[in-house]
2 protein chains.
Amino acid sequence: MSLPLLKPVVTAADRVLQELLQDIVNGVIAPGSKISEPELAKRFDLSRAPLREALARLERCHLLERTPNAGSRVVKLSTENLLSLYQLREELEGLACRLAATQMNDAEIREMQELLDQHLSSQRVREGESYYQEAGDLDFHYRIILGSKNPYLINILTDELYHLMRMYRVQLGMNGPRVSRAFDEHKAIINAIANRDGELADLLMRRHIAASRRNIETKLRTQI
Amino acid sequence: MSLPLLKPVVTAADRVLQELLQDIVNGVIAPGSKISEPELAKRFDLSRAPLREALARLERCHLLERTPNAGSRVVKLSTENLLSLYQLREELEGLACRLAATQMNDAEIREMQELLDQHLSSQRVREGESYYQEAGDLDFHYRIILGSKNPYLINILTDELYHLMRMYRVQLGMNGPRVSRAFDEHKAIINAIANRDGELADLLMRRHIAASRRNIETKLRTQI
DNA sequence: TTTAGTCTGATTGTCGACAATCCTGCCTTT
DNA sequence: AAAGGCAGGATTGTCGACAATCAGACTAAA
């Protein structure tokens with residue numbers, strides 16, 4: 001269940017980035033709250049230089065908003081932005097599917113099919129255990145994105161939009177059902193890719209994401 | 001002919017960012033060459049802190065590649081990457097058109113139509129003067145992107161991919177013809193948006209960008 | 001009472017120096 | 001002669017302090 005989404009951690013800025021990322025995505029640092037550089041520097045016991053480096057990268061992920069001479073704030077979640085995010089995702093992941101249908105080799109496709117079967121069985125065993133389901137879904141999307149072999153597309157989806165989407169899912173409590181549905185949809189998408197039918201894979205992925213969007217939208221309507 | 005693509009310049013990091021951006025896009029700093037932080041700091045007469053801030057932003061634009069403890073290099077131009085870039089652009093600007101067709105208000109659309117007429121007449125006067133043509137094209141695309149009203153889409157196209165595309169255009173000498181063609185295509189796209197026909201605007205924009213890609217591809221084949 | 005201005009405190013931006021890491025060339029060893 | 005290890009030098013990452021800027025409270029005038 002390896003999600004190599006995390007960049008290599010070698011520098012101090014990398015470490016504090018990981019911690020901040022987790023805290024923001026999980027809502028430990030509340031949306032809309034102000035970021036105090038001196039305070040965080042003290043908390044992580046390092047100077048402001050690597051901290052600022054980390055903040056810059058968080059801004060790149062749309063998790064922070066920085067204004068010159070005024071500091072950083074954690075982004076606020078809104079229905080409008082969620083909609084904008086999903087509009088983009090439908091388009092980009094659809095494109096990823098179309099490209100993956102021609103760019104992935106047979107071994108990669110077979111590996112994904114096996115992976116999906118694994119997820120299915122493990123999911124049946126641990127009914128309702130949402131972590132694995134979540135990780136499985138992420139892994140599925142992640143592999144298709146990589147399969148597109150388009151470096152800019154990969155960068156946008158896995159580096160710049162991914163964590164913001166996670167933030168929405170986590171903070172709106174998206175552990176819920178829609179499990180078996182999602183598995184079937186994943187299976188259909190992989191089959192289309194295995195048949196080298198990029199058009200169909202594109203269409204199915206758009207529907208899959210649209211369904212996910214509607215799911216999260218209803219959740220959002222009842223919560224906020 | 002205002003292209004408000006440049007963020008407000010208030011800090012020292014902003015200034016050096018602008019200079020570096022220009023030098024990299026124009027090839028003054030050669031593609032593939034290594035960036036020396038001490039050297040640049042001396043050249044711009046400031047410390048390494050704001051310089052590193054600028055480098056981080058250039059990395060975000062895909063103009064630099066940084067590896068931990070090894071420094072930064074200017075990206076190299078390649079046919080594969082150019083293709084990947086245009087694949088993304090077709091998809092994203094197509095989406096921008098579809099959204100703009102419903103999101104732009106009548107005043108914004110009328111303004112764009114007038115702007116296009118201005119460009120056409122000024123272009124007829126200054127035949128072959130490529131700067132205005134270039135600026136006109138950029139302005140056209142820019143306004144449609146903004147018209148989508150999707151903040152993430154806007155950020156990706158105007159902040160993260162825009163300068164890299166400029167780099168390809170400049171360094172491959174894309175001043176050339178394809179002027180009148182482009183104007184007609186622009187006109188058709190705006191008309192589709194004015195008719196609130198997002199599907200058509202999407203299609204036309206994809207074709208427009210595909211034509212531009214083929215144009216730049218032949219240029220690239222003869223040059224490299 | 002409202003508004004404009006000022007002053008203070010805190011925060012961000014920048015600086016120069018130190019520590020840690022990596023690359024290069026040379027030397028040793030097989 | 002080739003491969004591996006070992007300094008030496010240079011570069012990047014990090015630190016603590018200073019300067020510039022901003023937010024908010026307070027005062028004073030209309």
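Here are the numbers for this structure:
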| read-out | value |
| --- | --- |
| A:GLU80 more than 8 Å from DNA strand C (Cβ to nearest atom), closer than 30 Å to A:GLY198 by Cβ and under 19 Å from the mean Cα position of the chain (by Cα) | no |
| Unmet requirement for A:LYS76, which otherwise passes all of (1) touching a helix residue (DSSP H, G or I) at 6+ places or on another chain (Cβ under 7 Å); (2) away from DNA strand D (no atom under 16 Å from the Cβ); (3) of a type in the set (Lys, Arg) | (1) |
| In the range B:56-73, the residues that are closer than 28 Å to A:ASN69 by Cβ and facing chain A (nearest Cβ under 10 Å) | B:ALA56, B:ARG57, B:GLU59, B:ARG60, B:HIS62 |
| Condition met for A:LEU204 (at pLDDT 95 or above and not small (Gly, Ala, Ser)) | yes |
| Top-ranked residue of the range A:74-102 - restricted to ones that are in contact (Cβ under 8 Å) with a residue 40 or more places away in the chain and within 30 Å of A:GLU37 (Cα to Cα), ranked as farthest from the other protein chains (Cβ to nearest Cβ) | A:VAL74 |
| Residue that is nearest to DNA strand D (Cβ to nearest atom), among those in the range B:18-55 that are touching a residue at least 40 places away in the same chain (Cβ under 8 Å) and within 14 Å of another protein chain (Cβ to nearest Cβ) | B:GLU53 |
| Single match in B:ALA96, B:ALA56, B:ALA70 (criterion: small (Gly, Ala, Ser), at pLDDT 95 or above and over 18 Å from the mean Cα position of the chain (by Cα)) | B:ALA56 |
| Sole exception among (1) at the interface with chain A (Cβ under 10 Å from one of its Cβ atoms); (2) loosely packed, with under 14 Cβ neighbours inside 10 Å for B:GLU114, by number | (1) |
| Scan of the range A:75-93 for residues that are at pLDDT below 95 and among the small types (Gly, Ala, Ser), ordered by number | A:SER78 |
| Where B:VAL10 falls short, out of the listed (1) in contact (Cβ under 8 Å) with a residue 60 or more places away in the chain; (2) within 14 Å of chain A (Cβ to nearest Cβ); (3) surrounded by fewer than 14 Cβ atoms within 10 Å (Cβ to Cβ) | (1) |
| Residues (over 16 Å from A:GLU80 (Cα atoms) and within 18 Å of the chain's Cα centre (by Cα)) located in the range A:186-211 | A:HIS186, A:MET205, A:ARG206, A:ARG207, A:HIS208, A:ILE209, A:ALA211 |
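Matching residues to (1) among the hydroxyl-bearing types (Ser, Thr, Tyr); (2) within 22 Å of B:ASP159 (Cα to Cα):
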| residue | (1), (2) |
| --- | --- |
| A:VAL9 | no, no |
| A:LEU64 | no, yes |
| A:ALA70 | no, yes |
| A:THR79 | yes, no |
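The values are calculated or read from the model by the stated rules, or taken from the named source; none is laboratory data. In this text, all values refer to a predicted model and were calculated from it rather than measured experimentally. Here Cβ is always computed from backbone atoms with ideal geometry, including for glycine, and neighbour counts include all displayed protein chains.
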